[in-house]
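Undergrad: Structure in structure tokens, see below.
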Amino acid sequence: MHTGKIKKLVSDRGFGFISDTDGRELFFHQSGLVEAKFDSLNEGQDVEFEVETSPKGPRAIKIQLNKQQ
């Protein structure tokens, strides 16, 4: 499981980007959220996630709010 922060949200399109602790910026889609609603996310929020390879590069999936907040 990786950790990072929500870097940017594109609310009208249902996707965003996460900065992980390694400095990578990962794409995510609202369909990759677990137990969270896209509308409830905020930039800067801590998250945990897994990474998968997609045709356009790595992306975050199984995204959960960090329970230690």
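No lab work stands behind these numbers, since they all come straight from the coordinates. Source: prediction; values computed, not measured. Virtual Cβ from ideal backbone geometry, glycine too; neighbours counted across all protein chains shown.
Undergrad: Could you tell me the relative contact order of the chain? Use alpha-carbon pairs under 8 Å, at least six residues apart, and round to a whole percent.
TA: That works out to 32 percent.
Undergrad: Anyone know which of G14, G44, G57 comes out most mobile in the 10 Å Cα GNM of the chain?
TA: Among G14, G44, G57, the largest GNM mean-square fluctuation belongs to G57.
Undergrad: Still on this structure: For the stretch 1-30, run through the trypsin sites (Lys or Arg not before Pro) and keep only the ones in DSSP coil with at most 11 other Cβ atoms within 10 Å of their Cβ.
TA: Qualifying residues, ordered by number: R13.
Undergrad: With θ set to phi - 60° and the Karplus curve 6.51 cos²θ - 1.76 cosθ + 1.60, what are the ³J(HN,Hα) couplings of the stretch 11-24 in order, to the nearest whole Hz, using x for Gly and Pro?
TA: Coupling constants for the stretch 11-24: 4, 6, 10, x, 9, x, 9, 10, 9, 8, 5, 8, x, 7 Hz.
Undergrad: May I ask you to compute the full-extension gain from N66 to S54, defined as 0.36 nm times their residue separation minus their alpha-carbon distance, rounded to one decimal in nm?
TA: 1.9 nm
Undergrad: To continue, here is another question. In the chain, what % of DSSP beta bridges are antiparallel (nearest 5)?
TA: Antiparallel: roughly 90 percent of the beta bridges in the chain.
Undergrad: Turning to a different aspect of this structure: Once a ≥ b ≥ c are taken as the square roots of the eigenvalues of the Cα gyration tensor of the chain, is the result rounded (a/c under 1.5), prolate (a/b larger than b/c) or oblate (a/b not larger than b/c)?
TA: Taking the square roots of the gyration eigenvalues as a ≥ b ≥ c, the chain is rounded.
Undergrad: Something else: Where in the stretch 7-67 are there GluC sites (Glu not before Pro) that are in a DSSP coil and have at most 12 other Cβ atoms within 10 angstrom of their Cβ?
TA: E35, E43
Undergrad: What's the extension gain from K37 to K5 if we count 0.36 nm per residue and subtract their Cα-Cα distance?
TA: The span from K37 to K5 would gain 9.9 nm if fully extended.
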